[in-house]
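The block underneath contains the structure these notes are about, expressed in structure tokens.
What follows is calculated from the coordinates using simple rules that are stated; it is not laboratory data. No experiment lies behind these values; they were computed from the predicted model shown. Quick reminder, even Gly has a Cβ in these numbers, built from the backbone with ideal geometry, and neighbours come from all protein chains shown.
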Amino acid sequence: MDNFTPWSVLAGGALLGTSAVILLLFSGKVAGISGIFSGLLQPRKRDFLWRLLFIGGMVLSFFIFSPNASSALTSPSIALYIIAGLFVGIGTRLGNGCTSGHGIIGIARLSKRSILATCIFIGSAMLVVLFR
């Protein structure tokens, strides 16, 4: 990652937090990405458009803010990313929530379950990095 700076991470975190707060304030919905995405797969009336716009905005932001978005999409490891994404989706279903829902919203609401889940996510990621 040649583009990593503390400022880019701070800006990304601020954008995530701001979008989560706006979604919660204006619609009462929690910004758990896996839940938002799964709602697209099982659409209900008056519940589809905001989900589509939220996920679409996330995808669009990748192309706007990532200087090497096109090379990431043509990378030979794109299949590996898709498989990893499927495993993450399965894990979020098993864990009753995703990292964004627990880490951003759950911790802000002082949910004990979310704090524990986020500690497990972070700890698992640290272990994976050790064996990488």
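Before moving on, here are some points about what is shown:
Table: residues versus (1) without any contact (Cβ under 8 Å) to a residue 12 or more places away in the chain; (2) of a type in the set (Val, Ile, Thr); (3) surrounded by 11 or more Cβ atoms within 10 Å (Cβ to Cβ); (4) within 15 Å of residue 20 (Cβ to Cβ).
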{"residue": "79", "(1), (2), (3), (4)": "yes, no, no, no"}
{"residue": "89", "(1), (2), (3), (4)": "no, no, yes, no"}
{"residue": "92", "(1), (2), (3), (4)": "no, yes, yes, no"}
{"residue": "98", "(1), (2), (3), (4)": "no, no, yes, yes"}
{"residue": "101", "(1), (2), (3), (4)": "no, no, yes, yes"}
{"residue": "113", "(1), (2), (3), (4)": "yes, no, yes, no"}
{"residue": "117", "(1), (2), (3), (4)": "no, no, yes, no"}
{"residue": "120", "(1), (2), (3), (4)": "yes, yes, yes, no"}
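- Among residues that are in contact (Cβ under 8 Å) with a residue 24 or more places away in the chain, part of a helix (DSSP H, G or I), of a type outside the set (S, T, N, Q) and surrounded by 12 or more Cβ atoms within 10 Å (Cβ to Cβ), residue 105 is included.
- Index of the failed condition, residue 97 passing every other in (1) assigned to a helix (DSSP H, G or I); (2) under 15 Å from residue 31 (Cβ atoms); (3) touching a Gly at 6+ places or on another chain (Cβ under 8 Å): (1)
- Some residue of segment 52-69 being in contact (Cβ under 8 Å) with a residue 24 or more places away in the chain, touching a helix residue (DSSP H, G or I) at 6+ places or on another chain (Cβ under 7 Å), part of a helix (DSSP H, G or I) and surrounded by 10 or more Cβ atoms within 10 Å (Cβ to Cβ): yes
- Residue in segment 8-18 that is exposed (fewer than 11 other Cβ atoms within 10 Å of the Cβ) and in contact (Cβ under 8 Å) with a residue 60 or more places away in the chain present: no
- Checklist (1) of a type in the set (A, V, I, L, M); (2) at positive phi; (3) assigned to a helix (DSSP H, G or I) applied to residue 84, failing item: (2)
- Members of segment 28-49 that are more than 19 Å from residue 104 (Cα to Cα), touching a Leu at 6+ places or on another chain (Cβ under 8 Å) and either of a type in the set (A, V, I, L, M) or not in a loop (DSSP other than H, G, I, E, B) (or both): 40
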